[in-house]
Amino acid sequence: MDEIEVPEYFLCPISLQILKDPVTTITGITYERESIEQWLKAAKSNPTCPVTKQSLPRDSELTPNHTLRRLIQSWCTVNAIYGVDRIPTPKSPIKKSQIFRLIKDLDAPDDHLRTKALRRMEALAKENERNRTCMVEAGVTKAAVLFIIKCFKEGKTAGLEEVLRILYLIWNPSQEIKLLVRENQDFIDSLTWILRCDQINNHVDVKSHAMLLLHKTTEIVCQKLLESLKVDFFKEIITRVLRKRISKQAVKSSLLVLTEVCHWGRNRMKIVEANAVFELIELELEKPEKNITELIFNILAQLCSCADGREQFLKHAGSIAMISKRVLRVSPATDDRALHILDSISKFSASDEAALEMLRVGAVSKLCMVIQADCAPYLKKKARGILRLHSHMWNNSPCIAVYLLTRYPG
(Lines give C-alpha, C1' and ligand atoms only; values in the text may rest on other atoms or scores of the structure.)
Protein backbone atom coordinates (compact mmCIF):
# COMPACT_ATOMS: atom_id res chain seq x y z
CA MET A 1 0.00 0.00 0.00
CA ASP A 2 2.93 2.36 0.74
CA GLU A 3 4.17 1.97 -2.86
CA ILE A 4 0.83 3.00 -4.42
CA GLU A 5 0.17 6.66 -5.06
CA VAL A 6 -3.41 7.41 -4.11
CA PRO A 7 -5.13 10.01 -6.33
CA GLU A 8 -5.48 13.24 -4.37
CA TYR A 9 -9.20 13.55 -5.02
CA PHE A 10 -9.72 10.10 -3.38
CA LEU A 11 -8.64 11.57 -0.03
CA CYS A 12 -10.75 13.39 2.53
CA PRO A 13 -9.45 16.98 2.99
CA ILE A 14 -9.95 16.63 6.76
CA SER A 15 -8.68 13.14 7.63
CA LEU A 16 -6.38 12.76 4.57
CA GLN A 17 -7.55 9.14 4.44
CA ILE A 18 -9.17 7.36 1.46
CA LEU A 19 -12.86 8.24 1.30
CA LYS A 20 -15.14 5.39 2.32
CA ASP A 21 -18.45 7.23 2.55
CA PRO A 22 -17.92 10.40 0.46
CA VAL A 23 -20.51 13.16 0.81
CA THR A 24 -20.61 16.54 -0.91
CA THR A 25 -21.49 19.70 1.00
CA ILE A 26 -23.39 22.72 -0.32
CA THR A 27 -20.00 24.34 -0.94
CA GLY A 28 -19.21 21.67 -3.55
CA ILE A 29 -16.39 19.98 -1.59
CA THR A 30 -16.47 16.23 -0.90
CA TYR A 31 -15.51 14.88 2.53
CA GLU A 32 -15.69 11.63 4.48
CA ARG A 33 -19.14 11.71 6.07
CA GLU A 34 -17.94 11.07 9.63
CA SER A 35 -15.13 13.64 9.35
CA ILE A 36 -17.33 16.51 8.17
CA GLU A 37 -20.06 15.61 10.66
CA GLN A 38 -17.53 15.76 13.50
CA TRP A 39 -16.17 19.04 12.12
CA LEU A 40 -19.63 20.60 12.14
CA LYS A 41 -20.40 19.24 15.59
CA ALA A 42 -17.13 20.54 17.07
CA ALA A 43 -17.55 24.06 15.66
CA LYS A 44 -18.48 26.50 18.43
CA SER A 45 -20.48 28.85 16.23
CA ASN A 46 -21.03 29.68 12.55
CA PRO A 47 -19.21 26.63 11.13
CA THR A 48 -17.44 27.04 7.81
CA CYS A 49 -16.27 24.72 5.06
CA PRO A 50 -12.72 23.56 5.93
CA VAL A 51 -11.56 24.07 2.32
CA THR A 52 -13.48 27.07 0.97
CA LYS A 53 -14.08 28.81 4.34
CA GLN A 54 -17.64 29.53 3.17
CA SER A 55 -20.50 29.34 5.67
CA LEU A 56 -21.63 25.75 6.26
CA PRO A 57 -24.62 25.49 8.65
CA ARG A 58 -24.78 22.42 10.88
CA ASP A 59 -28.06 21.29 9.33
CA SER A 60 -26.67 21.51 5.79
CA GLU A 61 -27.55 18.62 3.53
CA LEU A 62 -24.73 16.14 2.91
CA THR A 63 -25.26 14.50 -0.47
CA PRO A 64 -23.73 11.02 -1.00
CA ASN A 65 -21.18 11.14 -3.85
CA HIS A 66 -21.96 7.74 -5.38
CA THR A 67 -19.91 8.38 -8.52
CA LEU A 68 -16.71 9.10 -6.60
CA ARG A 69 -17.34 6.15 -4.28
CA ARG A 70 -17.65 3.77 -7.25
CA LEU A 71 -14.45 5.17 -8.76
CA ILE A 72 -12.61 4.58 -5.49
CA GLN A 73 -14.03 1.05 -5.19
CA SER A 74 -12.90 0.26 -8.76
CA TRP A 75 -9.45 1.68 -8.08
CA CYS A 76 -9.18 -0.44 -4.91
CA THR A 77 -10.16 -3.58 -6.85
CA VAL A 78 -7.56 -2.93 -9.57
CA ASN A 79 -4.87 -2.35 -6.94
CA ALA A 80 -5.85 -5.26 -4.70
CA ILE A 81 -2.69 -7.12 -5.75
CA TYR A 82 -0.69 -4.37 -4.03
CA GLY A 83 -2.51 -4.89 -0.74
CA VAL A 84 -5.20 -2.25 -1.19
CA ASP A 85 -8.40 -3.25 0.62
CA ARG A 86 -11.71 -2.81 -1.17
CA ILE A 87 -13.98 -0.12 0.24
CA PRO A 88 -17.37 -1.62 1.17
CA THR A 89 -20.54 0.17 0.11
CA PRO A 90 -21.63 2.28 3.14
CA LYS A 91 -24.96 1.66 4.76
CA SER A 92 -27.73 4.18 4.30
CA PRO A 93 -28.05 6.61 7.24
CA ILE A 94 -30.54 5.51 9.88
CA LYS A 95 -33.87 7.30 9.83
CA LYS A 96 -35.72 8.59 12.88
CA SER A 97 -38.81 6.61 11.86
CA GLN A 98 -36.78 3.42 12.38
CA ILE A 99 -35.71 4.58 15.84
CA PHE A 100 -39.31 5.47 16.75
CA ARG A 101 -40.36 1.90 15.97
CA LEU A 102 -37.59 0.49 18.14
CA ILE A 103 -38.58 2.77 21.04
CA LYS A 104 -42.19 1.61 20.67
CA ASP A 105 -41.04 -2.03 20.87
CA LEU A 106 -39.50 -1.35 24.30
CA ASP A 107 -43.02 -1.16 25.72
CA ALA A 108 -44.14 -4.38 24.02
CA PRO A 109 -45.32 -7.19 26.33
CA ASP A 110 -43.22 -9.66 24.35
CA ASP A 111 -39.78 -10.12 25.98
CA HIS A 112 -38.30 -11.34 22.70
CA LEU A 113 -39.42 -8.20 20.86
CA ARG A 114 -37.98 -5.94 23.59
CA THR A 115 -34.65 -7.76 23.56
CA LYS A 116 -34.50 -7.62 19.77
CA ALA A 117 -35.17 -3.84 19.83
CA LEU A 118 -32.49 -3.24 22.48
CA ARG A 119 -29.89 -5.27 20.59
CA ARG A 120 -30.65 -3.41 17.39
CA MET A 121 -30.31 -0.06 19.22
CA GLU A 122 -27.00 -1.12 20.74
CA ALA A 123 -25.66 -2.17 17.33
CA LEU A 124 -26.70 1.18 15.86
CA ALA A 125 -25.14 3.13 18.73
CA LYS A 126 -21.84 1.29 18.32
CA GLU A 127 -21.77 1.90 14.57
CA ASN A 128 -21.04 5.62 14.37
CA GLU A 129 -21.61 9.10 15.79
CA ARG A 130 -24.28 9.85 13.21
CA ASN A 131 -26.46 7.03 14.53
CA ARG A 132 -25.93 8.11 18.12
CA THR A 133 -26.97 11.68 17.31
CA CYS A 134 -30.08 10.44 15.50
CA MET A 135 -30.97 8.22 18.46
CA VAL A 136 -30.67 11.12 20.90
CA GLU A 137 -32.84 13.32 18.69
CA ALA A 138 -35.45 10.55 18.44
CA GLY A 139 -35.75 10.27 22.23
CA VAL A 140 -33.74 7.11 23.01
CA THR A 141 -32.14 8.77 26.04
CA LYS A 142 -35.49 9.28 27.75
CA ALA A 143 -36.70 5.81 26.74
CA ALA A 144 -33.54 4.21 28.19
CA VAL A 145 -33.80 6.11 31.51
CA LEU A 146 -37.46 5.14 31.88
CA PHE A 147 -36.68 1.51 30.98
CA ILE A 148 -34.00 1.32 33.72
CA ILE A 149 -36.37 2.82 36.31
CA LYS A 150 -39.10 0.38 35.26
CA CYS A 151 -36.72 -2.57 35.70
CA PHE A 152 -35.88 -1.31 39.21
CA LYS A 153 -39.50 -0.85 40.26
CA GLU A 154 -40.58 -4.22 38.87
CA GLY A 155 -37.47 -6.05 40.04
CA LYS A 156 -36.70 -7.32 36.54
CA THR A 157 -33.23 -7.54 35.04
CA ALA A 158 -33.97 -8.61 31.44
CA GLY A 159 -32.56 -6.06 29.01
CA LEU A 160 -30.50 -4.14 31.59
CA GLU A 161 -27.18 -5.14 30.06
CA GLU A 162 -28.13 -3.75 26.66
CA VAL A 163 -29.93 -0.61 27.84
CA LEU A 164 -27.07 0.45 30.12
CA ARG A 165 -24.60 0.13 27.25
CA ILE A 166 -26.92 2.08 24.94
CA LEU A 167 -27.36 4.91 27.44
CA TYR A 168 -23.61 5.09 28.08
CA LEU A 169 -22.87 5.23 24.34
CA ILE A 170 -25.37 8.01 23.56
CA TRP A 171 -24.99 10.01 26.79
CA ASN A 172 -24.17 13.66 26.33
CA PRO A 173 -24.61 16.54 28.80
CA SER A 174 -27.46 18.07 26.80
CA GLN A 175 -30.39 19.98 28.21
CA GLU A 176 -32.61 16.93 27.66
CA ILE A 177 -30.52 14.60 29.82
CA LYS A 178 -30.22 17.28 32.51
CA LEU A 179 -33.99 17.66 32.65
CA LEU A 180 -34.37 13.87 32.80
CA VAL A 181 -32.04 13.15 35.71
CA ARG A 182 -31.39 16.48 37.46
CA GLU A 183 -34.02 15.85 40.15
CA ASN A 184 -34.64 12.18 39.46
CA GLN A 185 -34.07 10.24 42.69
CA ASP A 186 -35.62 7.15 41.07
CA PHE A 187 -32.82 7.00 38.50
CA ILE A 188 -30.10 7.20 41.17
CA ASP A 189 -31.93 4.51 43.19
CA SER A 190 -32.19 2.36 40.06
CA LEU A 191 -28.46 2.49 39.34
CA THR A 192 -27.67 1.82 43.02
CA TRP A 193 -30.04 -1.18 42.93
CA ILE A 194 -28.14 -2.57 39.92
CA LEU A 195 -24.88 -2.40 41.90
CA ARG A 196 -26.26 -4.64 44.65
CA CYS A 197 -28.24 -6.95 42.37
CA ASP A 198 -26.42 -10.27 41.91
CA GLN A 199 -29.10 -11.98 39.81
CA ILE A 200 -27.88 -10.38 36.58
CA ASN A 201 -26.18 -12.16 33.71
CA ASN A 202 -22.71 -10.77 32.95
CA HIS A 203 -22.99 -8.82 36.20
CA VAL A 204 -19.44 -7.38 36.07
CA ASP A 205 -20.12 -5.59 32.78
CA VAL A 206 -23.60 -4.51 33.90
CA LYS A 207 -22.39 -3.12 37.22
CA SER A 208 -19.44 -1.41 35.58
CA HIS A 209 -21.76 0.44 33.20
CA ALA A 210 -24.13 1.28 36.07
CA MET A 211 -21.18 2.82 37.95
CA LEU A 212 -20.05 4.77 34.88
CA LEU A 213 -23.56 6.17 34.48
CA LEU A 214 -23.79 6.94 38.19
CA HIS A 215 -20.71 9.11 37.83
CA LYS A 216 -22.15 10.92 34.81
CA THR A 217 -25.40 11.41 36.73
CA THR A 218 -23.75 12.94 39.83
CA GLU A 219 -22.09 15.50 37.54
CA ILE A 220 -25.43 17.01 36.53
CA VAL A 221 -27.96 16.28 39.30
CA CYS A 222 -29.11 19.12 41.53
CA GLN A 223 -27.37 19.96 44.80
CA LYS A 224 -30.43 18.98 46.81
CA LEU A 225 -30.16 15.36 45.62
CA LEU A 226 -26.42 15.23 46.22
CA GLU A 227 -26.83 16.50 49.77
CA SER A 228 -29.55 13.97 50.60
CA LEU A 229 -27.80 10.79 49.42
CA LYS A 230 -28.33 7.86 51.80
CA VAL A 231 -25.68 5.83 53.59
CA ASP A 232 -26.77 2.79 51.56
CA PHE A 233 -25.81 4.64 48.37
CA PHE A 234 -22.22 4.90 49.61
CA LYS A 235 -22.18 1.37 51.03
CA GLU A 236 -23.10 -0.09 47.63
CA ILE A 237 -20.37 1.88 45.87
CA ILE A 238 -17.73 1.01 48.45
CA THR A 239 -18.57 -2.67 49.02
CA ARG A 240 -19.68 -3.61 45.48
CA VAL A 241 -17.24 -1.58 43.42
CA LEU A 242 -14.24 -0.38 45.43
CA ARG A 243 -13.78 -3.50 47.56
CA LYS A 244 -14.42 -5.96 44.73
CA ARG A 245 -12.43 -3.97 42.12
CA ILE A 246 -14.99 -5.00 39.49
CA SER A 247 -13.15 -3.07 36.74
CA LYS A 248 -10.62 -0.24 36.43
CA GLN A 249 -13.20 2.04 34.84
CA ALA A 250 -15.75 1.33 37.56
CA VAL A 251 -13.23 1.91 40.36
CA LYS A 252 -12.20 5.24 38.85
CA SER A 253 -15.85 6.25 38.42
CA SER A 254 -16.59 5.34 42.05
CA LEU A 255 -13.71 7.57 43.20
CA LEU A 256 -14.96 10.41 40.99
CA VAL A 257 -18.45 10.07 42.51
CA LEU A 258 -17.03 10.19 46.05
CA THR A 259 -14.96 13.24 45.08
CA GLU A 260 -18.04 14.93 43.62
CA VAL A 261 -20.22 14.45 46.71
CA CYS A 262 -17.55 14.82 49.39
CA HIS A 263 -17.90 18.60 49.49
CA TRP A 264 -20.84 18.39 51.89
CA GLY A 265 -20.13 17.58 55.54
CA ARG A 266 -23.12 15.27 55.89
CA ASN A 267 -21.91 13.20 52.96
CA ARG A 268 -18.44 12.93 54.46
CA MET A 269 -19.95 11.45 57.62
CA LYS A 270 -21.94 8.94 55.56
CA ILE A 271 -18.91 7.98 53.48
CA VAL A 272 -16.92 7.39 56.67
CA GLU A 273 -19.80 5.34 58.09
CA ALA A 274 -19.72 3.20 54.94
CA ASN A 275 -16.10 2.23 55.84
CA ALA A 276 -14.60 4.13 52.91
CA VAL A 277 -11.38 5.15 54.69
CA PHE A 278 -10.22 1.56 55.18
CA GLU A 279 -11.08 0.56 51.60
CA LEU A 280 -9.35 3.63 50.15
CA ILE A 281 -6.15 2.86 52.05
CA GLU A 282 -6.30 -0.78 50.94
CA LEU A 283 -6.73 0.31 47.34
CA GLU A 284 -3.78 2.70 47.55
CA LEU A 285 -1.58 -0.02 49.06
CA GLU A 286 -1.95 -1.86 45.75
CA LYS A 287 0.03 0.98 44.11
CA PRO A 288 -2.52 2.07 41.51
CA GLU A 289 -1.91 4.50 38.65
CA LYS A 290 -1.04 8.12 39.39
CA ASN A 291 -4.52 9.52 38.64
CA ILE A 292 -6.12 6.97 40.98
CA THR A 293 -3.67 7.83 43.76
CA GLU A 294 -4.51 11.52 43.36
CA LEU A 295 -8.23 10.78 43.66
CA ILE A 296 -7.70 8.57 46.74
CA PHE A 297 -5.59 11.19 48.50
CA ASN A 298 -8.09 13.93 47.70
CA ILE A 299 -10.95 11.93 49.22
CA LEU A 300 -8.91 10.88 52.27
CA ALA A 301 -7.92 14.50 52.90
CA GLN A 302 -11.58 15.51 52.97
CA LEU A 303 -12.61 12.58 55.15
CA CYS A 304 -9.81 13.33 57.63
CA SER A 305 -11.30 16.78 58.15
CA CYS A 306 -13.87 15.15 60.46
CA ALA A 307 -13.12 13.35 63.74
CA ASP A 308 -14.67 10.01 62.70
CA GLY A 309 -12.66 10.04 59.49
CA ARG A 310 -9.40 10.60 61.39
CA GLU A 311 -10.32 7.85 63.83
CA GLN A 312 -10.89 5.38 60.98
CA PHE A 313 -7.68 6.49 59.31
CA LEU A 314 -5.57 5.86 62.43
CA LYS A 315 -7.17 2.46 63.01
CA HIS A 316 -5.56 1.17 59.83
CA ALA A 317 -2.06 -0.07 60.70
CA GLY A 318 -0.55 1.07 57.41
CA SER A 319 -2.24 4.45 56.99
CA ILE A 320 0.50 6.87 58.04
CA ALA A 321 3.24 4.76 56.46
CA MET A 322 1.35 4.74 53.16
CA ILE A 323 0.90 8.52 53.20
CA SER A 324 4.57 9.04 54.03
CA LYS A 325 5.70 6.70 51.26
CA ARG A 326 3.82 8.63 48.57
CA VAL A 327 5.11 12.11 49.48
CA LEU A 328 7.49 13.47 46.81
CA ARG A 329 6.96 10.33 44.72
CA VAL A 330 3.69 10.84 42.85
CA SER A 331 2.75 14.44 42.05
CA PRO A 332 2.46 17.92 43.59
CA ALA A 333 -1.30 17.34 43.97
CA THR A 334 -0.63 14.19 46.00
CA ASP A 335 1.94 16.03 48.14
CA ASP A 336 -0.61 18.75 48.87
CA ARG A 337 -3.25 16.28 50.01
CA ALA A 338 -0.74 14.13 51.93
CA LEU A 339 0.44 17.10 53.98
CA HIS A 340 -3.17 18.13 54.56
CA ILE A 341 -3.83 14.67 56.03
CA LEU A 342 -0.70 14.70 58.19
CA ASP A 343 -1.57 18.21 59.37
CA SER A 344 -5.09 17.13 60.39
CA ILE A 345 -3.77 14.04 62.17
CA SER A 346 -1.09 16.05 63.98
CA LYS A 347 -3.39 18.82 65.14
CA PHE A 348 -6.44 16.91 66.24
CA SER A 349 -5.28 13.50 67.53
CA ALA A 350 -6.40 12.95 71.10
CA SER A 351 -3.16 11.16 72.08
CA ASP A 352 0.55 11.22 71.20
CA GLU A 353 0.31 7.84 69.50
CA ALA A 354 -0.16 9.33 66.03
CA ALA A 355 2.89 11.59 66.45
CA LEU A 356 4.99 8.62 67.61
CA GLU A 357 3.76 6.57 64.67
CA MET A 358 4.77 9.36 62.28
CA LEU A 359 8.27 9.16 63.76
CA ARG A 360 8.40 5.35 63.57
CA VAL A 361 7.34 5.04 59.91
CA GLY A 362 9.47 7.88 58.55
CA ALA A 363 6.79 10.53 58.08
CA VAL A 364 8.78 13.05 60.12
CA SER A 365 11.88 12.46 58.01
CA LYS A 366 9.78 12.90 54.89
CA LEU A 367 8.52 16.27 56.19
CA CYS A 368 12.16 17.39 56.57
CA MET A 369 12.76 16.30 52.97
CA VAL A 370 9.82 18.42 51.82
CA ILE A 371 11.48 21.47 53.35
CA GLN A 372 14.66 20.72 51.39
CA ALA A 373 12.94 19.65 48.15
CA ASP A 374 12.20 21.77 45.10
CA CYS A 375 8.49 22.15 45.75
CA ALA A 376 5.94 24.93 46.32
CA PRO A 377 6.74 27.37 49.18
CA TYR A 378 3.32 26.82 50.78
CA LEU A 379 4.10 23.07 51.09
CA LYS A 380 7.40 23.85 52.80
CA LYS A 381 5.56 26.17 55.18
CA LYS A 382 2.98 23.49 55.96
CA ALA A 383 5.71 20.90 56.57
CA ARG A 384 7.51 23.26 58.98
CA GLY A 385 4.23 23.88 60.79
CA ILE A 386 3.68 20.15 61.35
CA LEU A 387 7.30 19.67 62.52
CA ARG A 388 7.05 22.52 65.03
CA LEU A 389 3.76 21.20 66.36
CA HIS A 390 5.43 18.13 67.87
CA SER A 391 9.04 19.30 68.03
CA HIS A 392 9.12 18.53 71.77
CA MET A 393 8.60 14.86 70.94
CA TRP A 394 10.76 14.65 67.82
CA ASN A 395 13.79 16.83 68.72
CA ASN A 396 15.76 14.01 70.32
CA SER A 397 15.28 11.55 67.50
CA PRO A 398 18.62 10.56 65.86
CA CYS A 399 16.86 10.24 62.48
CA ILE A 400 15.71 13.86 62.38
CA ALA A 401 17.88 16.77 61.29
CA VAL A 402 16.74 19.12 64.05
CA TYR A 403 18.52 22.09 62.55
CA LEU A 404 15.90 22.15 59.82
CA LEU A 405 13.37 23.40 62.34
CA THR A 406 15.32 26.59 62.85
CA ARG A 407 17.39 26.97 59.68
CA TYR A 408 14.42 27.78 57.46
CA PRO A 409 12.36 30.43 59.29
CA GLY A 410 8.60 30.28 58.67
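Picking from residues in region 1-20 that are of a type outside the set (S, T, N, Q), open to solvent by less than 80 Å² (accessible area, probe 1.4 Å) and over 20 Å from Ala80 (Cβ atoms), the one that is nearest to the chain's Cα centre (by Cα) is Ile14.
Is region 322-329 home to any residue that is within 16 Å of Phe278 (Cα to Cα) and not in a loop (DSSP other than H, G, I, E, B)? Scanning region 322-329 turns up at least one residue that is within 16 Å of Phe278 (Cα to Cα) and not in a loop (DSSP other than H, G, I, E, B).
The set of residues from region 191-227 being without any contact (Cβ under 8 Å) to a residue 40 or more places away in the chain, farther than 19 Å from Gly155 by Cα and of a type outside the set (Val, Ile, Thr) comprises just one member, Gln223. Quick one: Tyr31 ticks every box in (1) in a helix (DSSP H, G or I); (2) out of contact with any Asp or Glu (no Cβ under 8 Å at 6 or more places or on another chain); (3) of a type outside the set (Gly, Ala, Ser); (4) crowded, with 18+ Cβ neighbours inside 10 Å except a single one, so which number is it? Unmet for Tyr31, out of (1) in a helix (DSSP H, G or I); (2) out of contact with any Asp or Glu (no Cβ under 8 Å at 6 or more places or on another chain); (3) of a type outside the set (Gly, Ala, Ser); (4) crowded, with 18+ Cβ neighbours inside 10 Å: (1).
Scanning region 114-132 for residues that are open to solvent by less than 60 Å² (accessible area, probe 1.4 Å) and at pLDDT 90 or above turns up Arg114, Thr115, Ala117, Leu118, Met121, Glu122, Ala123, Leu124, Ala125, Asn131, Arg132.
Rundown of residues vs (1) under 21 Å from Val181 (Cα atoms); (2) hydroxyl-bearing (Ser, Thr, Tyr); (3) out of contact with any Leu (no Cβ under 9 Å at 6 or more places or on another chain), yes/no style:
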| position | (1), (2), (3) |
| --- | --- |
| Gln73 | no, no, yes |
| Ile81 | no, no, yes |
| Thr89 | no, yes, yes |
| Lys104 | no, no, yes |
| Ala123 | no, no, yes |
| Asn131 | no, no, no |
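When region 67-95 is filtered for residues that are at pLDDT below 90, assigned to a helix (DSSP H, G or I) and open to solvent by 80 Å² or more (accessible area, probe 1.4 Å), the ones remaining, listed by number, are Ile81, Tyr82. Check region 304-314 and report whether any residue there is open to solvent by less than 10 Å² (accessible area, probe 1.4 Å), in contact with a Ser or Thr (Cβ under 6 Å, 6 or more places away or on another chain) and outside any helix (DSSP H, G or I). The answer is yes, given that some residue of region 304-314 is open to solvent by less than 10 Å² (accessible area, probe 1.4 Å), in contact with a Ser or Thr (Cβ under 6 Å, 6 or more places away or on another chain) and outside any helix (DSSP H, G or I).
Looking for something in contact with a Leu (Cβ under 9 Å, 6 or more places away or on another chain), among the hydrophobic types (A, V, I, L, M, F, W, C) and at pLDDT below 95 - is there at least one such residue anywhere in region 318-326? No, the conditions are met nowhere in region 318-326.
Just to be sure I understand the filter: pairs with C-beta atoms under 9 Å, separated by 6 or more residues or on different chains, first member in region 45-57 and more than 19 Å from Leu11 (Cβ to Cβ) and without any contact (Cβ under 8 Å) to a residue 40 or more places away in the chain, second member open to solvent by 80 Å² or more (accessible area, probe 1.4 Å) and not in a loop (DSSP other than H, G, I, E, B). Which pairs pass? Every condition considered, the pairs that remain are Asn46/Ser55; Pro47/Trp39; Pro47/Lys41; Pro47/Ser55; Thr48/Ser55; Leu56/Trp39.
Among the residues of region 263-300, those identified as surrounded by fewer than 20 Cβ atoms within 10 Å (Cβ to Cβ) and of a type outside the set (D, E, K, R) are His263, Trp264, Gly265, Met269, Asn275, Phe278, Leu285, Pro288, Asn291, Ile292, Asn298. For region 137-144, the criterion of being in a loop (DSSP other than H, G, I, E, B) and surrounded by 14 or more Cβ atoms within 10 Å (Cβ to Cβ) is satisfied by at least one residue. Among the residues of region 175-197, is there at least one that is in a loop (DSSP other than H, G, I, E, B), open to solvent by 60 Å² or more (accessible area, probe 1.4 Å) and modelled with pLDDT under 90? Scanning region 175-197, I find no residue that is in a loop (DSSP other than H, G, I, E, B), open to solvent by 60 Å² or more (accessible area, probe 1.4 Å) and modelled with pLDDT under 90, so the answer is no. Scanning region 330-378 for residues that are of a type in the set (Ser, Thr, Tyr) and closer than 15 Å to Arg310 by Cβ returns Ser344, Ser346, Ser349, Ser351.
The values are calculated or read from the model by the stated rules, or taken from the named source; none is laboratory data. Computed from a prediction, not measured in an experiment: that's the story for all the values here. Here the Cβ is made from the backbone with ideal geometry for all residues, glycine too, and neighbour counts use every protein chain on show. Quick note on the areas: whole protein, heavy atoms, side chains included, nothing else; ligands and nucleic acids left out. Shrake-Rupley method; radii C 1.70, N 1.55, O 1.52, S 1.80 Å.
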